[in-house]
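J.: The structure is given below, and queries will be raised subsequently.
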Protein chains: 2
Amino acid sequence: MITNFSEAKAILATRSIKPTYQRLRILEAVSDTRDHPTIKALYDKLIRTVPTLSKTTLYSTLELFAAKGLVTRLSIDAGEARYDGFPAPHHHFHCERCGAILDLDIACATGRRGEVQGHAIKEVHGYFKGICKDCLSRDHHKIPRRSSHV
Amino acid sequence: MITNFSEAKAILATRSIKPTYQRLRILEAVSDTRDHPTIKALYDKLIRTVPTLSKTTLYSTLELFAAKGLVTRLSIDAGEARYDGFPAPHHHFHCERCGAILDLDIACATGRRGEVQGHAIKEVHGYFKGICKDCLSRDHHKIPRRSSHV
DNA sequence: ATGACTGCAAAATATTTGCATATTC
DNA sequence: GAATATGCAAATATTTTGCAGTCAT
């Protein structure tokens with residue numbers, strides 16, 4: 001988690017990315033949360049304090065960060081990208097009911113790199129889908145319905 | 001791979017899905033390939049022999065199949081869903097250069113079900129990103145460029 | 001002055017929805 | 001015949017592109 005501009009500048013420097021104001025603020029915003037925000041969520045959050053920010057800049061900046069390995073672009077729901085600013089490799093859980101994306105602390109293949117079946121591996125993505133802990137506990141008070149014939 | 005209508009009908013019957021003509025043809029098309037087609041690819045392929053097919057039907061049918069476990073919806077590129085009609089659990093490799101999505105034959109967690117860290121798991125998705133075997137061999141004749149300062 | 005970054009608007013692409021018609025059992 | 005599926009068109013959502021203006025070196 002990035003707490004100030006000089007830290008953010010240092011991080012950008014490690015990837016040879018020019019530290020513009022927008023980039024610093026975007027890096028700060030995506031690193032400041034573990035909820036894997038969408039473009040829309042980041043925009044809504046940043047526009048309050050960066051009033052001129054355009055979505056074009058958000059898209060291009062996050063693409064740049066992803067290419068440089070500063071953030072990870074998650075494709076869990078098709079149709080809407082989410083970004084993960086937490087640096088350590090980890091897997092994800094997607095709750096089908098409430099839509100949350102949670103970090104999982106399991107080791108399977110997260111760090112695997114190099115070569116697999118002849119292909120050069122740069123990134124490993126793993127995610128699990130189902131019903132999250134919180135939604136499960138809410139279910140304890142409900143009677144499940146039978147699925148209808150389609 | 002599904003080779004005829006009675007086989008497709010039998011498969012739909014196992015999930016209590018009414019066997020309409022469109023559903024049979026869509027199941028056949030998505031099961032007949034290992035290249036993880038997009039909606040667009042399926043539409044372009046099917047429209048030749050099912051001239052009245054609408055994309056609405058394709059979307060709703062594939063969503064139905066995915067909910068019933070007949071196909072898997074892949075979210076590897078955000079922005080465009082792909083569908084996998086191959087029934088056995090397996091992971092995927094996505095080539096950043098040519099865009100291909102290939103099946104991988106590795107066992108890691110593919111069959112894992114049940115409970116992880118309190119959440120109920122229904123599906124496990126894993127994919128690797130990098131440069132595929134074919135693109136790597138094409139690279140043997142090229143001189144790599146230095147990346148520019150951004 | 002040059003090259004790179006930003007932001008607005010428009011375009012392109014992907015997905016969902018409303019509703020009338022057609023089909024299945 | 002009742003319930004469901006289909007398909008067209010329109011609406012919505014997401015992402016990309018073109019280009020003019022701005023900023024940094």
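J.: Pairs needed: first member in the range B:56-68, of a type outside the set (Lys, Arg); second member anywhere, outside any helix (DSSP H, G or I); C-beta distance under 7 Å; at least 6 residues apart or different chains.
T.: Listed by first residue and then by second, the contacts come to B:Leu62/B:Val71; B:Leu62/B:Tyr83; B:Leu64/A:Val150; B:Leu64/B:Ile17; B:Phe65/B:Val71; B:Ala66/B:Thr72; B:Ala66/B:Arg73.
J.: Right, something else. Take the residues in the range B:1-17 that are within 14 Å of chain A (Cβ to nearest Cβ) and within 14 Å of DNA strand D (Cβ to nearest atom), then tell me which one is nearest to B:Lys68 (Cα to Cα).
T.: By that ranking, first place goes to B:Arg15.
J.: Looking only at the range B:64-79, which residues are in contact with a strand residue (DSSP E or B) (Cβ under 7 Å, 6 or more places away or on another chain), more than 7 Å from chain A (Cβ to nearest Cβ) and not in a strand (DSSP E or B)? Before the answer, list the steps.
T.: Applying the first criterion (in contact with a strand residue (DSSP E or B) (Cβ under 7 Å, 6 or more places away or on another chain)) to the range B:64-79 yields B:66, B:71-74, B:76, B:78.
Then keep just the ones that are more than 7 Å from chain A (Cβ to nearest Cβ); that gives B:66, B:71-72, B:74.
Result: B:Ala66, B:Val71.
J.: What residue, of A:Leu70, A:Leu74, is under 20 Å from A:Asp103 (Cα atoms) and at pLDDT below 95? Show your work before the answer.
T.: Details: A:Leu70 fails: at pLDDT below 95.
Step by step, each of A:Leu70, A:Leu74 is checked, and only A:Leu74 is under 20 Å from A:Asp103 (Cα atoms) and at pLDDT below 95.
J.: Do we find a residue being outside any helix (DSSP H, G or I), facing chain B (nearest Cβ under 10 Å), surrounded by fewer than 16 Cβ atoms within 10 Å (Cβ to Cβ) and out of contact with any Asp or Glu (no Cβ under 8 Å at 6 or more places or on another chain) anywhere in the range A:18-32? Break it down into steps so the answer makes sense when it comes.
T.: The initial filter retains those residues of the range A:18-32 that are outside any helix (DSSP H, G or I), namely A:18-20, A:32.
If we keep only those that are facing chain B (nearest Cβ under 10 Å) as well, we get A:18.
From what is left, the residues that are surrounded by fewer than 16 Cβ atoms within 10 Å (Cβ to Cβ) are A:18.
Now narrow it down to the ones that are out of contact with any Asp or Glu (no Cβ under 8 Å at 6 or more places or on another chain): A:18.
So far as the range A:18-32 goes, yes, one or more of its residues are outside any helix (DSSP H, G or I), facing chain B (nearest Cβ under 10 Å), surrounded by fewer than 16 Cβ atoms within 10 Å (Cβ to Cβ) and out of contact with any Asp or Glu (no Cβ under 8 Å at 6 or more places or on another chain).
J.: Something else now. Look through B:Thr61, B:Thr56 and report the one residue that is of a type in the set (S, T, N, Q), more than 10 Å from chain A (Cβ to nearest Cβ) and either surrounded by 12 or more Cβ atoms within 10 Å (Cβ to Cβ) or assigned to a loop (DSSP other than H, G, I, E, B) (or both). Before the answer, list the steps.
T.: Details: B:Thr56 fails: either surrounded by 12 or more Cβ atoms within 10 Å (Cβ to Cβ) or assigned to a loop (DSSP other than H, G, I, E, B) (or both).
Within the list B:Thr61, B:Thr56, the selection yields B:Thr61.
J.: Restricting attention to the range B:67-83, which residues are more than 24 Å from A:Ala66 (Cα to Cα) and either away from DNA strand C (no atom under 11 Å from the Cβ) or among the acidic types (Asp, Glu) (or both)? I'd like the intermediate steps shown before the answer.
T.: Narrowing the range B:67-83 to residues more than 24 Å from A:Ala66 (Cα to Cα): B:67-72, B:83.
B:Ala67, B:Lys68, B:Gly69, B:Leu70, B:Val71, B:Thr72, listed by residue number.
J.: So which residues in the range B:48-67 are in contact with a helix residue (DSSP H, G or I) (Cβ under 9 Å, 6 or more places away or on another chain) and either hydrophobic (A, V, I, L, M, F, W, C) or more than 10 Å from DNA strand D (Cβ to nearest atom) (or both), if there are any at all?
T.: Result: B:Thr49, B:Val50, B:Leu53, B:Leu58, B:Leu62, B:Leu64, B:Phe65.
J.: Continuing with this model, one more query. Of the residues that make up the range B:75-92, is at least one away from DNA strand D (no atom under 16 Å from the Cβ), acidic (Asp, Glu) and over 24 Å from A:Ala81 (Cβ atoms)?
T.: Of the residues in the range B:75-92, the ones away from DNA strand D (no atom under 16 Å from the Cβ) are B:84-92.
Of the ones still in play, those that are also acidic (Asp, Glu) are B:84.
After this cut, where a residue has to be over 24 Å from A:Ala81 (Cβ atoms) as well, the list is none.
Scanning the range B:75-92 turns up no residue that is away from DNA strand D (no atom under 16 Å from the Cβ), acidic (Asp, Glu) and over 24 Å from A:Ala81 (Cβ atoms).
J.: Condition first: away from DNA strand C (no atom under 15 Å from the Cβ) and either closer than 17 Å to A:Ser31 by Cα or surrounded by 15 or more Cβ atoms within 10 Å (Cβ to Cβ) (or both). Now tell me which residues in the range A:84-99 satisfy that. Spell out how you get there, then give the answer.
T.: In the first step, residues of the range A:84-99 are kept if they are away from DNA strand C (no atom under 15 Å from the Cβ); the result is A:84-93, A:95, A:97-98.
Those that are away from DNA strand C (no atom under 15 Å from the Cβ) and either closer than 17 Å to A:Ser31 by Cα or surrounded by 15 or more Cβ atoms within 10 Å (Cβ to Cβ) (or both): A:Asp84, A:Gly85, A:Phe86, A:Pro87, A:Ala88, A:Pro89, A:His90, A:His91, A:His92, A:Phe93, A:Cys95.
J.: Answer yes or no: is there a residue in the range B:115-125 that is modelled with pLDDT of 95 or more, within 8 Å of chain A (Cβ to nearest Cβ) and surrounded by 14 or more Cβ atoms within 10 Å (Cβ to Cβ). Steps first, please.
T.: Taking the range B:115-125 and keeping what is modelled with pLDDT of 95 or more, we get none.
No, there is no match, as no residue in the range B:115-125 is modelled with pLDDT of 95 or more, within 8 Å of chain A (Cβ to nearest Cβ) and surrounded by 14 or more Cβ atoms within 10 Å (Cβ to Cβ).
J.: With (1) at negative phi; (2) away from DNA strand C (no atom under 11 Å from the Cβ); (3) not hydroxyl-bearing (Ser, Thr, Tyr) as the list, and A:Leu24 as the residue in question, which single condition is left unmet?
T.: Condition not satisfied by A:Leu24: (2).
J.: Do you know which residues across the range B:18-43 are over 16 Å from the mean Cα position of the chain (by Cα) and either at pLDDT below 95 or not β-branched (Val, Ile, Thr) (or both)? Lay out the reasoning, then the answer.
T.: Of the range B:18-43, the ones over 16 Å from the mean Cα position of the chain (by Cα) are B:18-25.
Answer for the range B:18-43, where residues must be over 16 Å from the mean Cα position of the chain (by Cα) and either at pLDDT below 95 or not β-branched (Val, Ile, Thr) (or both): B:Lys18, B:Pro19, B:Tyr21, B:Gln22, B:Arg23, B:Leu24, B:Arg25.
J.: If you don't mind, another one. Taking the stated definitions as given, is A:Leu46 in contact with a Phe, Trp or Tyr (Cβ under 6 Å, 6 or more places away or on another chain) and either at negative phi or within 13 Å of chain B (Cβ to nearest Cβ) (or both)?
T.: On the way: in contact with a Phe, Trp or Tyr (Cβ under 6 Å, 6 or more places away or on another chain): no; either at negative phi or within 13 Å of chain B (Cβ to nearest Cβ) (or both): yes.
Criteria not met by A:Leu46.
J.: Follow-up question, since we're still on this one. Looking at (1) surrounded by 15 or more Cβ atoms within 10 Å (Cβ to Cβ); (2) more than 23 Å from B:Lys122 (Cβ to Cβ), which is the only condition A:Asp77 fails?
T.: (2)
The values are calculated or read from the model by the stated rules, or taken from the named source; none is laboratory data. If you're wondering where the values come from, they're calculated on a predicted model, not measured in any experiment. Cβ: placed from backbone, ideal geometry, glycine included. Neighbour counts: every protein chain shown.
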